[in-house]
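K.L.:
Okay, here's the structure, questions in a sec.
The values are calculated or read from the model by the stated rules, or taken from the named source; none is laboratory data. Keep in mind the model is a prediction, meaning the values are calculated, not measured. Heads up, the Cβs are rebuilt from the backbone with ideal geometry, glycines too, and the neighbour counts pull from every protein chain shown.
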Amino acid sequence: MRRFTHFLALCALTLVAACGQDGSPKPEAAQGGPALWQVSRGSMKGWLFGTIHVLPKGVAWETPTISEAMAQADRLVLEAADLQDEQKTLALFESMGRSPGLPPLDQRVPEEDQAALVKAVEDGGTSTQLLSGYESWAAAMLLSAASQQALKVSQDDGVEPVLIAAFNKAGKPIGGLETVERQFAAFDTLPDAAQAKLLVQTVRETKDMKALFDRILTAWRKGDMEAIAKEDQNGEQPDPVVEEAVLVARNRDWVKAIEPMTGRPFIAVGAGHLTGRENLIELLKAKGFTVTRVQ
């Protein structure tokens, strides 16, 4: 299961470098469009939209169904409303991701994975010396972000900036289910052994990043959640500790944030949170919400 690489491909943070250069492929809008659900319980009748936070230029994803839902919604709810504050995000990452006296990065990777580490670092335009100053979770995140340079993707071309611009223009409020600090804390509080496994798995998977992202992007544009879920069945099995902290525990917290909501929120979260064990949709249904696929 490529759980961590899959997570980053679908739920990438601001750390993924903006590199959607001119000349990038411009895919046509996919038939069907990304998956959208209507979520209701009591006085709340909103929408749940699975996003990808970084995209190539020219990906048309805003279908009439999505546009209508945005127009009817009374507010936008993102994973973290402060995620768009790049300066704050990077400052938090530096503060939480660095520690003194860490062993060199190559000493944290088994001998059989050294060649893959060297290639990943060189291809990403970074260095083991630079990454050695970071805890293993942060080094893994930076290494994964660096490997996405070749994908010609950018946060600026992702879903969130379009949503934020539309809701700002309409004068509607924008909130979040958690904070950026909470997102990083999910990684920062992992035990050292789990962080080490995360780093090694990331090194092993960087060589397949483009193929994985292309498959996920194709499935996302079609709204094919089954295909996205199948990606979790391939490759190396995840550390249950990582899966619990990075996905499942956060999904549970998000349900707690959604439960008291009223009105018509348009909730947009990474599509990786909408498949797999204890995904957000299953957890909402368990709390009595009616969740209906509308696209």
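K.L.:
Of all residues being buried (at least 19 other Cβ atoms within 10 Å of the Cβ) and assigned to a helix (DSSP H, G or I) in segment 159-185, which is farthest from the chain's Cα centre (by Cα)? Just the residue, please.
P.N.:
167
K.L.:
Which of the residues spanning segment 231-288 are more than 18 Å from the chain's Cα centre (by Cα), at pLDDT 90 or above and acidic (Asp, Glu)?
P.N.:
Residues satisfying the conditions are 259, 282.
K.L.:
In addition: Given the condition under 13 Å from residue 105 (Cα atoms) and either among the β-branched types (Val, Ile, Thr) or at pLDDT 90 or above (or both), answer yes or no: does some residue in segment 149-168 qualify? Give the steps one after another, and end with the answer.
P.N.:
Taking segment 149-168 first, the residues under 13 Å from residue 105 (Cα atoms) are none.
No - not one qualifying residue is present in segment 149-168.
K.L.:
Would you check which residues across segment 41-80 are assigned to a helix (DSSP H, G or I) and surrounded by fewer than 19 Cβ atoms within 10 Å (Cβ to Cβ) and list them?
P.N.:
Step one: of segment 41-80, the residues assigned to a helix (DSSP H, G or I) are 64-72.
Hits for segment 41-80 are 64, 65, 67, 68, 71, 72.
K.L.:
Something else about it: So is residue 140 closer than 24 Å to residue 85 by Cβ, assigned to a helix (DSSP H, G or I) and aliphatic (A, V, I, L, M) or not?
P.N.:
Working: closer than 24 Å to residue 85 by Cβ: yes; assigned to a helix (DSSP H, G or I): yes; aliphatic (A, V, I, L, M): yes.
For residue 140, the condition - closer than 24 Å to residue 85 by Cβ, assigned to a helix (DSSP H, G or I) and aliphatic (A, V, I, L, M) - is met.
K.L.:
Another question, then. Can you find, within segment 81-108, the residue that is surrounded by the fewest Cβ atoms within 10 Å (Cβ to Cβ) among those that are in contact with a strand residue (DSSP E or B) (Cβ under 8 Å, 6 or more places away or on another chain) and within 19 Å of residue 173 (Cβ to Cβ)?
P.N.:
82
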